[in-house]
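Engineer: Provided herewith is a single structure, encoded as structure tokens, for subsequent inquiry.
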Amino acid sequence: ESFRAISNRLFVGPVVELLVYNKVLPYVRAWVDDIVSSWNFRQIIPCHFAAPVKADPLDFKRAFTFAYQGQQDQVSRAAGTPRSTP
């Protein structure tokens, strides 16, 4: 099941996510948003694994979902509004 969960889709490796990207989430979001809004692609050639991978900008952004999780709660706390409930 674990293999199927990551097969045939883009994902950010957990070590890179936790040790690198989590320290600079605003920059990660800006970079992802820039790519998604300005490039219209149909495939990606990753540094690792088989290539090319069929993927569009939405698939690319999904790989970075972790960078956007909790973002709305952070904005709400900064504005003094209550947190959203799941």
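Engineer: Name, by its number, the condition in (1) at pLDDT 95 or above; (2) β-branched (Val, Ile, Thr); (3) in contact with a Pro (Cβ under 6 Å, 6 or more places away or on another chain) that does not hold for VAL32.
Structural biologist: (3)
Engineer: Let me confirm something: among PHE60, PHE49, PHE41, PHE11, which residue is assigned to a loop (DSSP other than H, G, I, E, B), modelled with pLDDT of 95 or more and not charged (D, E, K, R)?
Structural biologist: PHE41
Engineer: Tell me, please, whether a residue that is in contact with a strand residue (DSSP E or B) (Cβ under 6 Å, 6 or more places away or on another chain) and on the phi < 0 side of the Ramachandran plot can be found in the range 27-36. Spell out how you get there, then give the answer.
Structural biologist: Within the range 27-36, the first condition is being in contact with a strand residue (DSSP E or B) (Cβ under 6 Å, 6 or more places away or on another chain), and the residues that meet it are none.
No.
Engineer: Identify the residue in the range 20-68 that is among the charged types (D, E, K, R) and touching a helix residue (DSSP H, G or I) at 6+ places or on another chain (Cβ under 6 Å) and, among all such residues, is surrounded by the fewest Cβ atoms within 10 Å (Cβ to Cβ).
Structural biologist: In this case the residue turns out to be ARG29.
Engineer: Something else: Name the pairs whose Cβ atoms lie under 8 Å apart, with the first residue in the range 1-19 and surrounded by 10 or more Cβ atoms within 10 Å (Cβ to Cβ), the second modelled with pLDDT of 75 or more and charged (D, E, K, R), and 6 or more positions between them or separate chains?
Structural biologist: ARG9/ASP59; ARG9/ARG62; LEU10/ASP59; LEU10/ARG62
Engineer: Kindly list, by first and then second residue, each pair from a residue in the range 47-75 that is among the hydroxyl-bearing types (Ser, Thr, Tyr) to a residue that is modelled with pLDDT of 90 or more, limited to pairs with Cβ atoms under 7 Å and residues at least 6 apart or on different chains.
Structural biologist: Partner pairs satisfying both residue conditions: TYR68/ARG29.
The values are calculated or read from the model by the stated rules, or taken from the named source; none is laboratory data. All figures in this text were calculated on a predicted structure; none of them were measured in a lab. Note: ideal-geometry Cβ built from the backbone for every residue, glycine included; neighbour counts use all protein chains shown.
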